[in-house]
Each structure stands twice: as structure tokens, then as C-alpha cells.
1. Provide a single number: the residues in the range 111-156 that are in a strand (DSSP E or B), open to solvent by less than 50 Å² (accessible area, probe 1.4 Å) and under 17 Å from residue 80 (Cα atoms).
2. Assess whether residue 73 counts as being more than 17 Å from residue 47 (Cα to Cα) and in a loop (DSSP other than H, G, I, E, B).
3. Within the set of pairs 6 or more residues apart or between chains, which connect a residue that is aliphatic (A, V, I, L, M) and at pLDDT below 90 inside the range 46-67 to a residue that is assigned to a strand (DSSP E or B) and buried (at least 17 other Cβ atoms within 10 Å of the Cβ) with Cβ atoms less than 7 Å apart?
4. With (1) open to solvent by less than 80 Å² (accessible area, probe 1.4 Å); (2) closer than 14 Å to residue 55 by Cα; (3) assigned to a helix (DSSP H, G or I) as the list, and residue 84 as the residue in question, which single condition is left unmet?
5. In the range 92-99, is there at least one residue being under 19 Å from residue 128 (Cβ atoms), surrounded by 17 or more Cβ atoms within 10 Å (Cβ to Cβ) and touching a Lys or Arg at 6+ places or on another chain (Cβ under 6 Å)?
6. Consider residue 117 against the criteria (1) under 19 Å from the mean Cα position of the chain (by Cα); (2) under 19 Å from residue 48 (Cα atoms): it satisfies all of them except one. Which criterion is unmet?
7. Select from the range 87-114 the residues that are more than 17 Å from residue 54 (Cα to Cα) and β-branched (Val, Ile, Thr) and list them in ascending order.
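The values are calculated or read from the model by the stated rules, or taken from the named source; none is laboratory data. Predicted model, so just to flag it, every value in this text is computed and none were measured. Cβ placement follows ideal geometry from the backbone for every residue including glycine, while neighbour counts extend to all protein chains displayed. Quick note on the areas: whole protein, heavy atoms, side chains included, nothing else; ligands and nucleic acids left out. Shrake-Rupley method; radii C 1.70, N 1.55, O 1.52, S 1.80 Å.
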Amino acid sequence: MPNLRFLSPLAVGLTALGCQQPPAPAAADLTLQHITSEAMAGLPFSDAVRVGDMLYLSGNIGTAANTQQLVPGGIAPETRQTMENIKATLEANGSSLDRVIRCLVMLADMAEWPAMNEVYVTFFPGSKPARSAFGASGLALGARVEIECTATVGPR
């Protein structure tokens, strides 16, 4: 019988039953990949960072594609553009909105929560990711909303 003091409780139970010890799980690839688009080049952050099968997006605001200009119209158009920006980053990196597991929403004014939420939920028609939200002052470029997400990437 093998020396049991170095085996996990599962292995001890299996060994006691005369079973083989399960194989050790393969080591996960934890290489960091920093992803920066041309539009964000020169800014002090990455669009996203991939670690293994996880994709961590930086906060996104409602800037028109490939610009540093907020879309006009306030919270609803900004939320829609923010989510479109997130969707584009996810898809460019092998993920999608249906693979988002968590979002963090920052609002310049918590009174705009219902208007933001009305747009936000349209991007997650099925199961919703976990989400936190808080009021913030001084979002970049005077934005009304900023959203960051974490998603899985790779084969399902």
C-alpha cells in the first residue's frame, strides 16, 4: 500500500477501496497576454488581458468606434455604445457576450440606473452575468457610465 500521508483524501479513499489514484489535472496555461488595439495605443492600459481561458476587459465607456469622443445623447446612447465596444473587444479575442461571467458598472449618477439598466439587459437576453454597480465621480471624458467585464474564451 502506498504511503498515505502524501495522498489527498480522495486518493486515500480510492486507495483504501483498491482503486487507482486519479490522474493529476493538467497544468493550466497562465501566460499573460496583454491586448491593445490601435485605437487604444498610447493609453496607460490594455483593452484586455487574457490569462488562460479568462479574458479581463478594462473599463469601457461610450466612445464612438476608434475615437476618443463620447456618443451624444446621455446615459442610454452611452450605455448602448459601451456595450457595443465591449462586444467588439470580446469577439476580436475569441469570446462573446454570452460568455461574460461578471460585469462592474460605474455610474456618474445613480439616478440614471433605470435608464442604463434598460439598455444593458438587451445585451444579455438569456442568463445574466453577475454584476456589481456603484456611483462614481469623474469618469473618463465626462462619461455617464463605464462598464468592465470578465469572460471566458476558447472552446466550450
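1. Applying the first criterion (in a strand (DSSP E or B)) to the range 111-156 yields 130-135, 145-152.
Keeping just the survivors that are open to solvent by less than 50 Å² (accessible area, probe 1.4 Å) gives 132-133, 135, 145-147, 149-152.
Going one step further and asking which of them are under 17 Å from residue 80 (Cα atoms), we end up with 133, 145-147, 149.
The total comes to 5.
2. On the way: more than 17 Å from residue 47 (Cα to Cα): yes; in a loop (DSSP other than H, G, I, E, B): yes.
Here the answer is yes, as residue 73 does meet what is asked.
3. 48/35; 48/55; 48/57; 49/35
4. (2)
5. So in the range 92-99, the residues under 19 Å from residue 128 (Cβ atoms) come out as 95-99.
From what's left, surrounded by 17 or more Cβ atoms within 10 Å (Cβ to Cβ): 95, 97, 99.
The next check asks that each one be touching a Lys or Arg at 6+ places or on another chain (Cβ under 6 Å); those that pass are 97.
Scanning the range 92-99 turns up at least one residue that is under 19 Å from residue 128 (Cβ atoms), surrounded by 17 or more Cβ atoms within 10 Å (Cβ to Cβ) and touching a Lys or Arg at 6+ places or on another chain (Cβ under 6 Å).
6. (2)
7. Going through the range 87-114, the residues more than 17 Å from residue 54 (Cα to Cα) turn out to be 105-114.
Residue satisfying the conditions is 105 alone.
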